[in-house]
Amino acid sequence: MGDTNYQALEFAYERPAELGRDDLAHHPVIVVGAGPVGLTSALDLARQGIPVLVLDDDFRLSTGSRAICFAKRTLDIWDRLDVGQRMVDKGVSWNVGKIFFRDEEIWRFDLLPDAGHRRPAFINLQQYYVEGYLQEAAAAHPNITLRWKHRVSGITQDETGATVTIETPDGSYRLRTDYLVACDGARSPIRKTLGVESHGRSFRDRFLIADIRMAADFPSERWFWFDPPFHPNQSVLLHRQPDNVWRVDFQLGWDADPVEEVKPERVLPRLRAVFGDTAEFTLEWVSIYTFSCLRMDDFRHGRILFAGDSAHGVSPFGARGANSGVQDAENLAWKLALVLRGHAPDALLDTYASEREYAADENLLNSTRATDFITPKSPVSKTFRNTVLRLAKTHDFARALVNSGRLSVPATLHGSPLNTPDTDAFAAGLVPGAVALDAPVTHAGTPDWLLHHLGDAFTLLVAGDAPALGTLTLPEGVTLRRVHIHPAGAAPASTVAATHLADSEGHVARRYAMQPGTVYLLRPDQHVAARWLNPTPQAVHAALARAVGLPADPMPDAASPRPADAQPAVKLAAETDATAHAAIAQAHANGRANPPATPPAPVRTTLGLAAPDDFYEALIDAHRDLAPEQSEGLNAALALLLANHIGDLDVIRDALARARAVALTA
Ligand SMILES: Cc1cc2nc3c(=O)[nH]c(=O)nc-3n(C[C@H](O)[C@H](O)[C@H](O)COP(=O)(O)OP(=O)(O)OC[C@H]3O[C@@H](n4cnc5c(N)ncnc54)[C@H](O)[C@@H]3O)c2cc1C
């Protein structure tokens, strides 16, 4: 397996048994697309016990490296799916990034300065390895069927499911499914079939990617150059990949000719300018890319759920494409499993859409801002950008403004209708909607990791023995595991069936702001649904019900048996759909809408200067003998320094509005 050439792998087409049959074979879930998102979806659904059919129109893995940076959260998800270790073993781990402006290093950052994490901030790994490892895990899973050269060409849907038309080399056939997960990539034929478009911004810039094979001993770090001498007025990004492959991204500008620029006679001199004339390397993959930041308005269309690039697209700065798609996959899997089993209302799937649309908006905002910083679109934005870079060398605050791509972190799902808002006072820890953090623990005397014990099912993470928690009655079909955290050396006293972990280095207590009696309710995707100090069983029951999209009713009396004529959960779901929809819409609005308007603190317009004439003289003096562009730089630096000194964004916004109004009268 270690010698597999994943770039050359081809998967056999098999004639489907359904060809030529009149009856419609039924599959609970069909996943369209065997890219990183489709394969992760399939693995997570299969882990939840759901049989999955994966259809892909191709028979190979990703061409060229494409994505290379896979974030800690993605690794945590893949760890849960038992494929993380392979990725990490092969990948190049990194935490540190360096920023250069022209020929100087201006800043070095560490994305994971905190000790006590199993996984690094990122690994670099060619997308074909990622897909190859996921494909092998999927092919080995008894719940997953993979079909290559099966192109989905049409879908119709009704109240009970969708009918999918599939083209194969032997002709077309149709299948019936309860739900279809569309992971069919940025061009998404399924999106087009439905006639829905993504909306957003396209950027008029071109980038050249050159993956080269070269023996070099640069450290495993992300290096980003603004305006370097070897590629003036543009940016360059360097990443190390496994197998001595290096990724170099050159910003080229919109006028670059995409056909000419990929020719070796154009690419090689650019690379020699970076690495020197004597460097020895071979070209692995060369490509030109442009990008857009956009998303579908709604990730759910009836029985069809869009995930990954089909639902949203971002610029590569920040590595948010595949990473956010993998989070889509994990958000959807447990919800689909509960709904398919009739243990949660169909409306739970609306929260897949609302939560991941919210996350996509965060990604789009970050990605758009990074792109604007890296490729300034006007002379004045370039002046500010370069001034920030110059200030960053010596001024701490300006480093926070340097944006070479805010690297992918998981979204905190603020405002989700599945969250139970805090009722107890927490000074720190993880708010409802946040994703669980890892920490070293000891399990039965053996070193282990906390995340290893969270996920797949709802889990109560309990500080100490929590005697008040008592016995819980659960919503039908919902399982709840208990993980108790004890200070290192303390013995558990509780007799409740639970996993007992020792907080070997104290990181759990710190990261979760644990004190005796603290309880977190974690979802199967490891997001926090609720947290309390010494909760009652009723509070936990209500939060659990809410987290599966049911009404957060008080817990039924644990002593009284369930009535013999109790309706199955799926019926209950139908009755509560309207309520759930209303709650979701409200929470969606809360999450999205502007925060309640507070009157802006206006900038002071009465005299505040101690010595007006002295100030004026100092202002003019500072500009003495400067060329016009230096004066512009001074004004930009002054604005940045004073803004940082003021700090209050309302005051700064008010000042900017007044300054702009004055400028417009000129
Ligand atoms: C140059 C570059 C660098 C990038 N770097 C990063 C990075 O470092 N980190 C990161 O997170 N992201 C990165 N990305 C983005 C990342 O590659 C994508 O986000 C990721 O591939 C999306 O995965 P997906 O599964 O949604 O779609 P895809 O990978 O596009 O897979 C879609 C699948 O659907 C199949 N398909 C399409 N139509 C049909 C049909 N009708 N029927 C059946 N099957 C169909 C296709 O064959 C394909 O296998 C980068 C992208 C580029 C271009």
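Any read-out appearing in this document is the output of simple, stated calculations on the displayed coordinates, not a laboratory observation. Here the structure is a predicted model, which is why all the values come from computation and not from measurement. Cβ: placed from backbone, ideal geometry, glycine included. Neighbour counts: every protein chain shown.
Summing Lys, Arg as +1 and Asp, Glu as -1, what charge do residues with Cβ under 13 Å from the Cβ of Ala498 carry, Ala498 excluded?
On the way: positive: Arg481, Arg482; negative: Asp465.
Taking every other residue near Ala498 into account, the sum is +1.
On C-alpha positions alone, give me the angle between the axis of helix 537-547 and the longest principal axis of the chain, in degrees, nearest 10.
70
Using Cα atoms only, what is the angle between the long axis of helix 612-622 and the major principal axis of the chain, expressed in degrees (0 to 90) to the nearest 10?
With both axes taken from Cα atoms, the answer is about 80 degrees.
Compute, for the chain, the length of the dipole vector about the Cα centre, with Cβ point charges of +1 (Lys, Arg) and -1 (Asp, Glu) only. Units Debye, rounded to 20. Provide the component values of the computation, followed by the final result.
Working: 64 positive and 81 negative charges, 39 e Å.
So the dipole magnitude of the chain works out to roughly 180 debye.
Normalised by the number of residues in the chain, what is the relative contact order in percent for Cα pairs under 8 Å and 6+ residues apart? Each step should come with its number before you reach the end.
Details: 1315 pairs, mean separation 81.1, N = 666.
Value for the chain: 12 percent.
Tell me the Kirkwood radius of segment 600-666: reciprocal of the mean inverse pair distance over distinct alpha-carbon atoms, in Å. Spell out each step's value before the answer.
Details: mean 1/r = 0.0739 Å⁻¹.
After inverting the pairwise mean of 1/r, the radius is 13.5 Å.
By its C-alpha gyration tensor, with a ≥ b ≥ c as the square roots of the eigenvalues, how is the chain shaped: rounded for a/c under 1.5, else prolate for a/b larger than b/c, else oblate? Walk me through the intermediate numbers first.
Working: a/c = 1.71, a/b = 1.26, b/c = 1.35.
Taking the square roots of the gyration eigenvalues as a ≥ b ≥ c, the chain is oblate.
If one computes the Cα centroid of segment 315-376 and of segment 390-448, what distance in Å separates the two points?
Here the answer is 17 Å between Cα centres.
Ignoring everything except DSSP H segments at least 4 long, calculate the 222 nm mean residue ellipticity for the chain; use -39,500 (n - 2.57) per segment, divide by total residues, nearest 500.
Numbers: 16 runs with 213 residues, N = 666.
Only helices count here, giving -10000 deg cm²/dmol.
Looking at the chain, send over the antiparallel percent of its DSSP beta bridges, to the nearest 5.
Details: 76 of 111 bridges.
Once the DSSP bridges in the chain are tallied, antiparallel ones form about 70 percent.
What does the charge count around Ala71 come to, taking other residues whose C-beta lies under 10 Å from its C-beta (Lys +1, Arg +1, Asp -1, Glu -1)? All intermediate terms of the calculation are to be shown ahead of the outcome.
Values: positive: Lys72, Arg73, Arg119, Arg320; negative: Asp76.
Summing Lys and Arg as +1 and Asp and Glu as -1 gives +3.
What does the net charge come to around Pro487 if you take all other residues with beta carbon closer than 13 Å to its beta carbon, with K and R at +1 and D and E at -1? Before the final figure, lay out each step's value.
Working: positive: Arg510; negative: Asp465, Asp503, Glu505.
Residues close to Pro487 contribute a combined charge of -2.
Test of the criteria: in segment 358-451, which trypsin sites (Lys or Arg not before Pro) are in a DSSP loop and have at most 15 other Cβ atoms within 10 angstrom of their Cβ? Mind showing how you got there, number by number?
On the way: sites: Arg369, Lys377, Lys382, Arg385, Arg390, Lys393, Arg399, Arg406; in loops: Lys377, Arg406.
Loop-located and lightly packed - Lys377.
Quick one: helix 569-592 against the long Cα principal axis of the chain, what's the angle to the nearest 10°, folded into 0 to 90?
Its long axis makes an angle of about 10 degrees.
Defining a contact as two alpha carbons under 8 Å apart and six or more residues distant in sequence, what relative contact order in percent does segment 1-98 show?
Working: 72 pairs, mean separation 25.9, N = 98.
In percent, rounded to a whole number, it is 26.
List the lysines whose Cα sits under 20 Å from the Cα of Lys149, skipping any in the same chain fewer than 8 residues away.
Partners found: Lys192.
Ordered by packing density, taken as the mean number of other Cβ atoms within 10 Å over each peptide's residues, highest first, how do 42-50, 515-523, 633-641 rank?
In descending order of packing, they fall as 42-50, 515-523, 633-641.
Defining a contact as two alpha carbons under 8 Å apart and six or more residues distant in sequence, what relative contact order in percent does segment 207-290 show? Display every interim value, and only then the final one.
Details: 138 pairs, mean separation 36.3, N = 84.
Reported relative contact order: 43 percent.
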